[in-house]
Structure formats: C-alpha cells, structure tokens
1. Of the residues that make up the stretch 159-182, is at least one touching a strand residue (DSSP E or B) at 6+ places or on another chain (Cβ under 6 Å), in contact (Cβ under 8 Å) with a residue 24 or more places away in the chain, surrounded by fewer than 21 Cβ atoms within 10 Å (Cβ to Cβ) and under 19 Å from Thr239 (Cα atoms)?
2. Of the residues that make up the stretch 405-421, is at least one modelled with pLDDT of 90 or more, among the acidic types (Asp, Glu), assigned to a helix (DSSP H, G or I) and closer than 18 Å to Ala502 by Cα?
3. Hey, any hits in the stretch 49-65 for a residue that's of a type outside the set (Phe, Trp, Tyr), at pLDDT below 95 and either farther than 24 Å from Lys130 by Cβ or in contact with a His (Cβ under 9 Å, 6 or more places away or on another chain) (or both)?
4. Do any residues in the stretch 34-49 that are touching a residue at least 12 places away in the same chain (Cβ under 8 Å) and farther than 13 Å from Glu11 by Cα have Cβ atoms under 9 Å from those of residues that are of a type in the set (D, E, K, R) and in a helix (DSSP H, G or I), where the two are at least six apart or on different chains, and which pairs are they?
5. In the list Ala233, Ala221, Ala216, which residue meets the criterion of being of a type outside the set (Ser, Thr, Tyr) and touching a Cys at 6+ places or on another chain (Cβ under 6 Å)?
6. Restricting the stretch 237-251 to residues that are over 13 Å from Ser310 (Cα atoms) and charged (D, E, K, R), which is farthest from the chain's Cα centre (by Cα)?
7. Please determine whether any residue of the stretch 481-497 is of a type in the set (Gly, Ala, Ser), exposed (fewer than 15 other Cβ atoms within 10 Å of the Cβ) and at pLDDT below 90.
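The values are calculated or read from the model by the stated rules, or taken from the named source; none is laboratory data. This structure is a prediction, so every number in the text was calculated from the model and none was measured. Positions of Cβ are generated from backbone atoms using ideal geometry, with glycine treated the same way; all protein chains shown enter the neighbour counts.
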Amino acid sequence: MASTDLSTPWEMLPDEMVLTILDLLAPRDVQALSKINSRTQNLCVPALFRTVSLPTLPALSAFIYAVPTSRRHLIRELDICTKPTADYDSDQNVYEDELAMTDGTSENKDKSSVTKTIIELLTTTPALEKLGLSVAGALEYSIIPVLESLARVKYFDLRNYAREEVTPLSERLAVRLAFCFPSLSSLSLTRIARSAIHAPELHGIYPYVPIVHGDATVPPAPYPICDMLRLPALLRIKTLRKLRIRDTHLGDPLWDDAAWEVGMSDASTIAPLEVLDLGACALESPAFNERCTMRILSNVRSTITSFAVSGGMATGIPSSDVLQVNPLSAVVVPTLRTAGTHLATTARPTNRPSLPLLKTLHLTPLLSPSALAPTLAQPQFALSPVHTLACTFHPDDAADGCAALAEFLDVNRTPRSSSTTADHNKCAEQMRGGAHTYTHSHFSALRTIRVAIASEEKPISPSPRLSARAAARLRAEREAQRVAAVRLRALCKELGLEASIAVAGCDEFEQEVRAVQDKQCGERRVVFAEPVSMETGGCVRDAGSTSTSGRFSGQRSRAKTT
C-alpha cells in the first residue's frame, strides 16, 4: 500500500496560519522567509517593520529617505541613536567635544538638525508602543508636542551617550518628556544631569558633579502635579510600574518626602512601582549613593516586587518605623551572618519584612563581590519573601562573585541537629523529594538562583606577541569561573535550590561527570549468557528472574561481567 503524503505546501497555508508562524520567528528568520515569494513577502511586511533599530544618525536619515510612510505606520518598537558612527566613543573624542563646547553656534545647529530628523520620523509612527532615544545632550523643545501625540507609547528609554561635562541632558527636560505619554508604564533614564535650578549646592563643590544651566525655559507639563520638573516628580506618574535610573545623581532632597506637592499628602498618589532599578553616581561616594537609594526605596517599598542592587549597602531603609522604635515593643531579630563576622542583632518593631512584596532581587555587575554578603545580609532583603536571586557579574569578577555567593549561602544555612536519628532524616528527605531544603528564617522563600556574566562591549584583541600569554590568562580565568560555578551549583542542589548558572564550562563539566558515572555503571552491568527476553533500567535481566544487576541469585554461575 502506498504511503499517503500528509504534508501541505507552504503556498496552500492560509494567511492566518502564516501570520501565527511569523510571530514565533526571530526578525532575522522573518527577513529570510520573506524572500520565498511575493505572497510571503507581503505577509512578512508587518513583522519586518514591527521592530526598527537605527544605530546612527546616517542610518536614521537613510531610513527616512528609503522607507515610505505607509511602512512606517507598522512600527511598534523604535530605537534611535544619533551617534555619527557606530563605533563612536565620547570618551575617546575629548578634543572634538571640547571644540564643540567652545563653539555654541555649531552645537545649536546640530541639536536643531537632529531634532528635526527625529520629528520627521516620529510624526509618521502613530502606532508606536516602545520608544528609545539615545542622544548627545538636549533636544529642541519642539519635540514635546510630537511625543504627546504618541498616545500608545508604554515604554520610554532616554539615554545620553555623550559626556555630561560637554553636552549634558537636563533632568527638567527628561521629566518633561516622560510626562508626554499618558500610558507610560516603563521608564528608563541613563546619564541624566541635575539642573542648577534644583541643585545649586552642587555648583563649584567637590566632586564637581556636572549640572545644567539655562534650562529654565523648558515648557511646564500640563499636569498640576508636575509644576516642578525634577526627578522626584517621576513618582507622580500614576501609570508607571517600572523605573530604571542609571548613571545619574540622585541627591535631590525631595526624594525623602515623595508627597511633596501641595495637596498631595496622601500616600496613594505615589506611583505603584513594581520594578525598581537604581544605579549610582560615579562621582559620589558609595555611602552617599546608598543613602540615595534607600530613601527612594522607602517611598515605594510597599509595592516593589523586583529590585536591582547596583551598590553595596550597609544600612537599612531609613523609614520612620525603623528610626523611631519604641523600646518596649521592639523585638530582637538576628541578622544574617557574613563570612568572618559574628552573629549580630538588630532591634526592629516586628518581624514583618520591609519589602513585603519583593519576589526578585537582582545584583548588577556594578556590585563588587566583596559587598555581596553585606548587601544580602540587610534585613530589608533578608526578611522579604524573595524567591529568585539573580546575580550578574563582570567577567573579571565572575569567579569571586560565585565564590562569595556560595560562601554566603553556606554560612547562613540552618545547622542540622546531631540528635536527629537516621530514620527521621531519611523520612524527612523522602517527604522533600530527597533533597535538603533551605530552612533558614532569612530568605525562607528563596527557590531559584540565577547567575550570568555580563558581556563585554569591546573585547580586547591581544597582539601576536602577547597572544600566548593572554590566552593562558584567559584559560586560567575561565577555569576559576568554572570551578566556582560548579561548587555553587552543587551547594544549591544540596540546599534544594534551583540553579541556573550561565558560566562557560559549568554545564560541560557536569556532562563529563555524568558520562564518567554512566561509563562506570556500564562496566558493572551483568549480562546473562542465556537468551533474555526483558530489559529494564539499562541492565539486562532474565525473564524468569527477579534479580537486578549486583543483586541476583540462582544464576550467578552463568553471568559474566562486561
């Protein structure tokens, strides 16, 4: 009987099924699939223009020139960078930047032309939902009405790729642009400069934090809650759920009192943030950055579910219930132990966690391995219901970071009582699925550990003379990373934690271990000389025998080991 071919040609698939397939493909695969025929190309057009990334200013101009307006209406996600070239580095172009700083006419001319080019594209993208702008300093205020017309934008990312000393991006303009979107739920700001209007104390004072002058003409927002265009006003955006601020000075005193506007004393006026990611100012001390982070976190702690730590922390949240404690009602709660220290105690009013909804704690590469244990030992993190601890290390700190995390988990796990009988331990392990559990009162809800290594933007290419030495050093670093990652994964398995460790060589090492174990098991297999009729568990057994390899009777003389 001839076999029936149930396959359907691609040309016969309905449009709905093709569109469903396209939604599951990567942009590069969609681009390759669009070259099959004209019908597929027409169906791929919405997917091809759904996400557009323009890395340079020439690419932006070429896109506007080549792509018709009808195609721009299909854009949902747009990322624009106005760098002159893709490999442009502001830190390596100090002379050109200083020359532009002295020539204000050319700077204003460039700002005007860049703003007009961006406006020309944004006026033809009414369906935009995600917008990213990477610019050198400020833009002209004529872009504000254009952004206000993009009512569907929910994700906004504003970055300043230039040096703040030369072309700063004012906080007043950044806040004003953020208030342009009525449905904004995610906001990311990078390298935003403080305004001289709101930070006169920074002018001419060490460490000489760059500030912006002449930004008093920024148009005010139509919302009455944003009469003062400064960074704390971002907490007045009711729809905001995710806030990320990096490489920005966060020393505004109004962060201490989030309800600083007249008539806004109710705590419900604060944006119900769920994800908070705060960086640090490189010119300020770690202690200063820590205080800034903690006072911002104290305003939104009741709604935060995910928090990213970018600097070491040695103090708790500076809230009133911690700083003003009644000695009669306070209870003593032990804090987590760190390597090389004794168990300390801290007076707290209750055992209630400071961040009651915190589920994910992320440690960024900006956190040094030496500060990992003291940061995790803070009560605002240790007493919160964190179930996922995600750590991203710099390649140079990966080995030390994995070792520090493993040491922290090992030091703070609950010691088991020696009086417990073996039968009780066996029964308890069977009830837990055969794995030890992480039963410490701190991080009691911890279930998952995730470790990743941040990718280097510009990998170093060693010269031929130093290539052998550099290769040897790289092999030694990777071996140290692998050893630390394997130890961390083994400890997580012992504690009953799910571990996802993206370190080179860790998975390969475990595969080698399993291969060796399988080989050793195979060498001890028992193969019967008589014909067999049943195979179980990789070991060959006789049909009439109930014995397994290593434990059998009645046929020992007829068995041989392979």
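1. No; the residues of the stretch 159-182 include none that is touching a strand residue (DSSP E or B) at 6+ places or on another chain (Cβ under 6 Å), in contact (Cβ under 8 Å) with a residue 24 or more places away in the chain, surrounded by fewer than 21 Cβ atoms within 10 Å (Cβ to Cβ) and under 19 Å from Thr239 (Cα atoms).
2. Checked the stretch 405-421: no residue is modelled with pLDDT of 90 or more, among the acidic types (Asp, Glu), assigned to a helix (DSSP H, G or I) and closer than 18 Å to Ala502 by Cα.
3. no
4. Once the first residue is touching a residue at least 12 places away in the same chain (Cβ under 8 Å) and farther than 13 Å from Glu11 by Cα and sits in the stretch 34-49, its partners that are of a type in the set (D, E, K, R) and in a helix (DSSP H, G or I) give Val45/Arg71; Ala47/Asp23; Leu48/Arg71; Phe49/Arg71; Phe49/Arg72.
5. Working: Ala221 fails: touching a Cys at 6+ places or on another chain (Cβ under 6 Å); Ala216 fails: touching a Cys at 6+ places or on another chain (Cβ under 6 Å).
Testing whether each residue is of a type outside the set (Ser, Thr, Tyr) and touching a Cys at 6+ places or on another chain (Cβ under 6 Å) leaves just Ala233.
6. Lys238
7. Pass one, the stretch 481-497, residues of a type in the set (Gly, Ala, Ser): 484-485, 490, 496.
The next check asks that each one be exposed (fewer than 15 other Cβ atoms within 10 Å of the Cβ); those that pass are 490.
Add one more test, that the residue is at pLDDT below 90, and what stays is none.
No.
Conditions (1) in contact with a Pro (Cβ under 8 Å, 6 or more places away or on another chain); (2) charged (D, E, K, R); (3) at positive phi, marked per residue:
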site: Leu150; (1), (2), (3): yes, no, no
site: Tyr161; (1), (2), (3): no, no, no
site: Cys180; (1), (2), (3): no, no, no
site: Ser183; (1), (2), (3): no, no, no
site: Asp215; (1), (2), (3): no, yes, no
site: Thr239; (1), (2), (3): yes, no, no
